[in-house]
Amino acid sequence: IKISDKKNKVVLIGMPGSGKTTLGKLLSKRLNYNFLDMDEYIEEIANKSIKKIFDDDGEKVFRNLETKACKDIVDRKKLVISSGGGVIKKSINIEILKKDCIVVFVDRPIENIINQLSLDEINSRPLLKGKKDTIYSLYEKRYELYKSACDIQVKNDKSLSNTINEIVNLLG
Ligand code: S3P
């Protein structure tokens, strides 16, 4: 896959806590692209936090905003996007992103995710709130979806710079 074939855009998908935002920022610097965090974009258009969107309006409204965000970025170029972990729940989102971007699955071992996410971080993520078990079940439900939605799969089980190098090499 050549990056130019897909309009100079890369989107990172993967579980909450897999490193999408950290890697996305570094990757955008490396490629000299802009960076967009989809959750932050949604918070801007909704004018409230993700947590408040879930609390006030429910997951369905959030997922629709996520689809709007996918559509809104279609015309933008030279962009690295970090998506929310559930973006793969709607097939329309995958269709839009796949057509328009190189989709990179940041595949971080579940043990690493759990060890790194603090309870505070878990509780601030509406779908994870409460128990660590939830992450396991989300992981099991979603792993194949991430795999089949992506163009490139990268194991994030090494240093950040090694993972970035691997992504850059795979982008061609
Ligand atoms: C979600 C992940 C979150 C955020 C929302 C829903 C999910 O993003 O979009 O809380 O369904 O996995 P992160 O992957 O950045 O935590």
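Structure data summary
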read-out: Scan of region 60-79 for residues that are out of contact with any Lys or Arg (no Cβ under 8 Å at 6 or more places or on another chain) and either modelled with pLDDT under 95 or closer than 25 Å to L31 by Cα (or both), ordered by number; value: A69, C70, K71, D72, V74, D75
read-out: Residue in region 97-119 that is in a loop (DSSP other than H, G, I, E, B) and in contact with a Pro (Cβ under 9 Å, 6 or more places away or on another chain) present; value: yes
read-out: Residues satisfying the stated conditions in region 9-25, i.e. charged (D, E, K, R) and within 11 Å of the ligand (Cβ to nearest atom); value: K20
read-out: Of the criteria (1) in contact with a Pro (Cβ under 9 Å, 6 or more places away or on another chain); (2) modelled with pLDDT of 95 or more, which one L145 fails; value: (1)
read-out: First in region 27-43 and touching a residue at least 24 places away in the same chain (Cβ under 8 Å), second anywhere and among the polar types (S, T, N, Q) and within 10 Å of the ligand (Cβ to nearest atom), Cβ under 7 Å, 6 or more apart; value: D37/T21; D37/S82; M38/S82; M38/S83
read-out: Odd one out for L65 among (1) without any contact (Cβ under 8 Å) to a residue 60 or more places away in the chain; (2) assigned to a helix (DSSP H, G or I); (3) closer than 16 Å to T21 by Cα; value: (3)
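The values are calculated or read from the model by the stated rules, or taken from the named source; none is laboratory data. Keep in mind the model is a prediction, meaning the values are calculated, not measured. Note that each Cβ is placed from the backbone with ideal geometry, even for glycine, and that neighbours are counted across all protein chains shown.
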